[in-house]
Amino acid sequence: MLQSSSISITPPVGEQIKLQSDSCHQHVVLCDNNTAHSTSATDVWVQSGEMAEFSCSFDGQPFSAVVWDHNGQNLADTERVRSSQSGAVLSLVIQGVGVADQGRYRCTATNPHVSNRFGRSTCTSYLHVEVKEPEEQDQDAGRTFPAPTGKPPEFTKTIECLQYIVTGEPLPEVQWLKGSFHIQPSGFCIIVNNPDGSGFIHIKSVKQEHSGVYTCKASNQYGEASCTAELLVFRAKAQEEHTLVQKVMQCVITGSGPLSVVWFKDSQALPTVPTHYQTSCEKNKHTLDITKLEAADCGLYVCKASNNVGTAECSAELRVIDQPNFVKPLGAVAAVVGAPLHLECQVDEDTGVTVTWTRDGRKVHQSPDCKLSFEDKTVTLDILKTTLKDCGNYVCVVTNEAGSASCSTSVKVQGKSCLVNFHGYCSI
C-alpha cells in the first residue's frame, strides 16, 4: 500500500520552502536565481521563460505506471517537457515556461501489488506563470548586449595590381580567393596584410596558369565586403617568318590593354619614323619589316611589351645571308669510257647552302661509283669509271634561304680505239 506522498515544485537556488498538508509534503525549491511564491500548498508562481520542476516521492515501490497530467490532459515527454524517476522520486521538468503552462499538475503512481484503491496515489500542485514586463526585458537586454559600436568592412581602394585598402572597426580579417578556392601563403605566393588596412598578394614567377579571377574578401562581426579583379598573364611569342626572303619578324602578344610595344636592335630602340624599319600591328600580331635588307641589319632583335600589370619580351637573332653565286662555273668536259670523270665549280657563299646535281633532268645520287662533295665553297662530282650512259647535260644547283643559282655543262663520252687481226685486215 502507498503510505505517504510528497511533492516538490522546483522552478529552479537557494532556500527551500516546505509546505505541509495532511496527505503530502510540498516543496518549492528556488534555484538559478528564479523565485516562486506560494500562498497555499497548491499555489506556485514562476516568471515566463524560467524552468519549473515538479518532484513527487511515494512509498510502495515498484510502480507499474506513472502518469503526469496538466489540467487533466496526460503529458508526453518532449524536448521541453521531461519526466524521470530516481528510486522513489518522480520528477517532471518544464523548460521555458509560458502562460499556456499554468494550471493544475498532478502525478499519479500505481503499485501493481495492490489491486484496490490504495494501490494508487496522487500529488497535485497549481502553477501560476507571471509574464515579464517589456521594460524589464529591455533593461536586461541593455545590460547584457550593449549597442554595437563597430563598423562593417568597406574597401576604399579596390584591387589594383592585386593590392587593396580596407577599413572597418575592428579591422577586418582578409582572405584571398582564386575563383572559389582559398589561396594559402606559400613559397611562391606571399600575402601581406598591414595594420593600416592595406595589403597585397605577390605571386613569384607568374605563369600562364595564374590567369583568373581573384577575390579579396574582408569580414568582421559587423559585416563583410569583397572586391574582385581578373588577372591576365600574357606571353609574347616571337618567330622569324621567312626572315631572309620577306625581311619580316612577328610577335603575337596577348594581355589586357593598353599595351606598349617597342622594338630594339642590339639594345637600341628602333626609330619610330618609318625609314629603313617599318612596324605595324594587326589585332594582336606585331610586325617588324626591314625595307631593304643589308649586311648591317644582322643582330639581336627584341620585342618588348608592357602594360600596368607587368612587362614581357622576346628576342630573335637575325643573320643576313647572301644568295650563292658561281664564281667558277662548270666547263665543257670530254670523257673516255673507263676513265674517271671530274666535274667542278665554285661558289661565293656556303652558309646554309645545299647542292643538287641532275643529268638530263634526273637527279644524280651519291653511290660507290659516283661521289658528290661540297667543301670550302667548292662543289665536285666524280665518277670513277665512265661509261657511255654517263654522257648527257649536267646541271649543278646551289640553294639557300636567300635564293639559288645554277650552272651546267655537256659531257661527251668517247669509246677507246682497238686493233683486231682478221684475215690480214685491220679495222678500227
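So that you can scan it fast, the table gives a plain yes or no per residue for (1) open to solvent by 60 Å² or more (accessible area, probe 1.4 Å); (2) in contact with a Lys or Arg (Cβ under 6 Å, 6 or more places away or on another chain); (3) at pLDDT below 85:
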| position | (1), (2), (3) |
| --- | --- |
| Pro153 | no, no, yes |
| Ile159 | no, no, yes |
| Gln163 | yes, no, yes |
| Gly168 | no, yes, no |
| Val174 | no, no, no |
| Gly179 | no, no, no |
| Ile191 | no, no, no |
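Selection over the stretch 82-96 of residues that are surrounded by fewer than 16 Cβ atoms within 10 Å (Cβ to Cβ) and either in a strand (DSSP E or B) or among the acidic types (Asp, Glu) (or both) gives a count of 5.
Where strands (runs of 3 or more DSSP E) fall wholly inside the stretch 262-320, the ranges with 3 or more residues that are farther than 30 Å from Ile203 by Cα and hydroxyl-bearing (Ser, Thr, Tyr) are 277-282.
Output yes when any residue across the stretch 266-276 is more than 41 Å from the chain's Cα centre (by Cα) and polar (S, T, N, Q), and no when none is. Give the steps one after another, and end with the answer.
Narrowing the stretch 266-276 to residues more than 41 Å from the chain's Cα centre (by Cα): 271, 273-276.
Now restrict to residues that are polar (S, T, N, Q): 275.
Within the stretch 266-276, one or more residues are more than 41 Å from the chain's Cα centre (by Cα) and polar (S, T, N, Q).
Within the stretch 97-120, being surrounded by 12 or more Cβ atoms within 10 Å (Cβ to Cβ) and either over 19 Å from Asp59 (Cβ atoms) or at pLDDT 85 or above (or both) holds for Val97, Gly98, Asp101, Gln102, Gly103, Arg104, Tyr105, Arg106, Cys107, Thr108.
A single member of Thr287, Thr275 is open to solvent by 40 Å² or more (accessible area, probe 1.4 Å) and either in contact with a His (Cβ under 7 Å, 6 or more places away or on another chain) or of a type in the set (Ser, Thr, Tyr) (or both), and it is Thr275.
What strands (runs of 3 or more DSSP E), lying completely within the stretch 350-415, carry at least 1 residues that are open to solvent by 70 Å² or more (accessible area, probe 1.4 Å) and within 26 Å of Asp322 (Cβ to Cβ)? It would help to see each step written out before you state the result.
Working: elements: 354-359, 370-375, 378-383, 392-400, 403-414.
Because the criterion is at least 1 residues that are open to solvent by 70 Å² or more (accessible area, probe 1.4 Å) and within 26 Å of Asp322 (Cβ to Cβ), the strands (runs of 3 or more DSSP E) in the stretch 350-415 that meet it are 354-359, 370-375, 403-414.
Of note, Gln239 satisfies the criterion of being in a strand (DSSP E or B), at pLDDT below 85, open to solvent by 60 Å² or more (accessible area, probe 1.4 Å) and not aliphatic (A, V, I, L, M).
In the stretch 321-335, how many residues are open to solvent by less than 60 Å² (accessible area, probe 1.4 Å), under 25 Å from Asp369 (Cβ atoms) and in a strand (DSSP E or B)?
Initial filter on the stretch 321-335 (open to solvent by less than 60 Å² (accessible area, probe 1.4 Å)): 321, 324, 326, 330-331, 333, 335.
Checking the rest, the ones that are also under 25 Å from Asp369 (Cβ atoms) come to 330-331, 333, 335.
After this cut, where a residue has to be in a strand (DSSP E or B) as well, the list is 333, 335.
Residues meeting the conditions: 2.
Restricting attention to the stretch 193-212, report how many residues are β-branched (Val, Ile, Thr), in contact with a strand residue (DSSP E or B) (Cβ under 8 Å, 6 or more places away or on another chain) and over 18 Å from Ala225 (Cα atoms).
Pass one, the stretch 193-212, residues β-branched (Val, Ile, Thr): 201, 203, 206.
Those still in the list that are in contact with a strand residue (DSSP E or B) (Cβ under 8 Å, 6 or more places away or on another chain) too: 201, 203.
Remaining after also requiring over 18 Å from Ala225 (Cα atoms): 203.
The number of residues fulfilling the criteria is 1.
Among the residues of the stretch 263-272, the one identified as on the phi > 0 side of the Ramachandran plot and open to solvent by 80 Å² or more (accessible area, probe 1.4 Å) is Ser267.
The values are calculated or read from the model by the stated rules, or taken from the named source; none is laboratory data. Computed from a predicted model, the values in this text were never measured in an experiment. FYI the Cβ positions are ideal-geometry reconstructions off the backbone, even for glycines, and counts take in every protein chain you see. Ligands, DNA and RNA are stripped out before the accessible areas are found, and what is left, the full protein with its side chains, is counted by its heavy atoms. Shrake-Rupley method; radii C 1.70, N 1.55, O 1.52, S 1.80 Å.
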